[in-house]
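Before any comments, here is the structure.
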């Protein structure tokens, strides 16, 4: 039996940013960006589910983010996660990787009873690959990054094939361990239709508060109880739940700050337009040969 | 704030007893940063029998090497390496620590930053020292860590205003290699290593190395394809053109993600930075992350169906049209001229 906690993140779909997402002042209008499940985190969840299927155990998915991040927690349930937690608090906003890893590590300590922490190698909004190792440091456990395959798990040891620059290596790590995975590690399974039916109504605290707003017949506490009974309540962990040091959260707990954001302004170069014809291209090649760029 | 150090450190990554290029490139950048801070440039060299690497770093501007040698340190492992750096950084509190954004650097730097509560910025494309005002407070001689963000729609300048140690990772090829003609006065400080039982929590069983046959950095001509080519079939045109011109094949991140071309041929912020004589960008729109990796090419030709594609703004020659039509014409014309 091996229990896994999977770190997942909802990210803006940076590959599909359209012009409209940029504000007049050149900053990003996050609310306009489509939000998606970070792919490598989905791969991490798949790997955790495979470990569970082979060896038994429990898979818990957690995410830190705004209330709408519960979307991807529902997707975790559709794939087969046993339990999910939304780690959310206004005071977490603006966190860099250091503050994020502090909150995540405390949430993991609270959930406890794990052998593996899985996560994607990196999230596509920042591509930093920092939160995994920083969380492992705070939990004081070893890390294996860039994992491509779990070869074997025996007693308290796991053997993992990982990518390194210019090749691969096989390492053996003592559990508990934090593992970050690359996309080659697994193909995430599709959602199970049965689980979609079962969990599509799963709601977080904020979702339920929205339901009770403007409806005097509904009480949040009653609803929470009802959703818990039906196993449809997405638990939220806040700063108070985790008894965190406010100075280590959010903007306050982040040593790195954004000093300046510039929208990309392209200097118009002295470009020569080349006609897309045989003659046009011929002239281009002549000048390249003349300048010793070619030949 | 307390008196800040003026030391710049570079972690020298070694594989099989040889320093990797990005570490030497960072020494060259670090040298300039250290000059501005009027401080020393120090190289941290960790391994087994790696004194020759220590000597090599002096050629690139290191004033001092912190040398840690032990047979347990032959290969990089997260726990002992991070423990060494944590201890050194806590003890000496350098102002700046730079790492290559390699697999090792990206495994090590965040763990060390977490342990020493330092700010860390990944994949910087530019590093500069300047005095700025942040929230009404003057930050003297602070490190500006500049990187594209949000899919390349913006360029962010990141700073670490309140912490003594500022850390950054940089990809290979981003900083230029400029060895010194005459090394500075130098010294080696050996630092003892004490093995710890936790070092054995992760053991290397086996390593496989594939000889990296791709040499994009040294190629005089690069033909790069993007997502705009549409299919892997069309991407073959890139190979044909590269073959005829005697160049190397490369791709944008989108082309790599689409499976048109392997990752080791990716040019850009999260790939390789190149400075060839000629760079032909085909079906590449020219997001800032891509441009960060190729804009210093001597000559750039852009081929794209979209006349408004940003790649045209930095190209020396622009051809608006479909690659499927243009590349065969290019190949024909080139063969004809050579006759």
task: Return the distance in nm (one decimal) between the two label points of a simple spin-label model at residue B:239 and residue B:3, each offset 7 Å from Cα along Cα→Cβ.
output: 6.3
field: Per-pair calculated FRET efficiency, R0 = 56 Å: residue A:175 and residue B:176 via Cβ, rounded to 0.05
entry: 0.80
Relative contact order, percent, chain A [alpha-carbon distance under 8 Å, six or more residues apart]: 22
For segment B:180-280, alpha-carbon Rg and Dmax in angstrom: 20.8, 57
message: Only Cα pairs within less than 10 Å get springs; with that Gaussian network setup on chain A, which residue of A:101, A:192, A:235 has the largest fluctuation?
response: A:192
message: Starting from the Kirkwood Rh over alpha-carbon pairs, what translational D in µm² s⁻¹ does chain A have by Stokes-Einstein at 37 °C and 0.692 mPa s?
response: 152
- prompt: Which FRET efficiency value, to the nearest 0.05, is calculated for residue B:38 and residue A:286 with the Förster distance at 60 angstrom and r the Cβ-Cβ distance?
  reply: 0.70
field: Pair residue A:1, residue A:113: separation of 7 Å Cα→Cβ label points (nm)
entry: 0.8
message: Based only on other Cβ atoms within 10 Å, what is the fewest-to-most ordering of B:146, A:87?
response: B:146, A:87
- prompt: Counting pairs of alpha carbon atoms under 8 Å apart in space and at least six apart in sequence, what relative contact order in percent does segment A:148-295 give?
  reply: 11
message: Which residues among segment B:143-166 fall inside the zone where the amide N is under 17 Å from a point 7 Å beyond the Cα of residue B:130, along Cα→Cβ?
response: B:143-149, B:154-161
query: Taking N as the number of residues in segment B:8-201, what value does Rg over Cα atoms divided by 2.2 N^0.38 Å take?
result: 0.99
field: Two-decimal Rg/Rh across segment B:58-146, once Rg and the Kirkwood Rh are taken from alpha-carbon atoms
entry: 1.00
message: Restricting to Cα atoms and excluding each atom paired with itself, what does the Kirkwood estimate give for the protein assembly as shown in Å?
response: 26.2
message: Between helix B:232-245 and chain B, what is the angle of the helix's C-alpha long axis to the longest principal axis, kept within 0 to 90° and rounded to the nearest 10?
response: 90
message: I want to make sure I understand the PRE zone here: with the label point 7 angstrom from the Cα of residue A:209 toward its beta carbon, which residues in segment A:221-256 have backbone N atoms less than 13 Å away?
response: A:221, A:236-240
query: Points 7 angstrom from Cα along the Cβ direction at residue B:194 and residue A:279: gap in nanometres?
result: 8.2
Protection-proxy order for peptides A:63-72, B:309-318, each taking the mean of Cβ atoms within 10 Å per residue, highest first: B:309-318, A:63-72
- request: For a footprinting-style exposure proxy, rank A:226, B:25, B:126 by other Cβ within 10 Å, fewest first.
  value: A:226, B:126, B:25
message: Order these by the 10 Å Cβ neighbour count, fewest first: A:216, A:254, B:252.
response: A:216, A:254, B:252
Principal axis dimensions, largest first and in whole angstrom, of chain B by Cα: 64, 53, 41
Length added when fully stretched, residue B:90-residue B:59, from 0.36 nm per residue minus Cα-Cα: 8.4 nm
query: Cα convex hull of segment A:147-262: mean projected area in nm², to one decimal?
result: 14.6
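Quick note: the coordinates plus some simple rules give every number you see, no bench work behind them. Here the structure is a predicted model, which means the values were calculated and not measured. With ideal geometry, Cβ positions are generated from the backbone for all residues, glycine too; neighbour counts draw on all protein chains shown.
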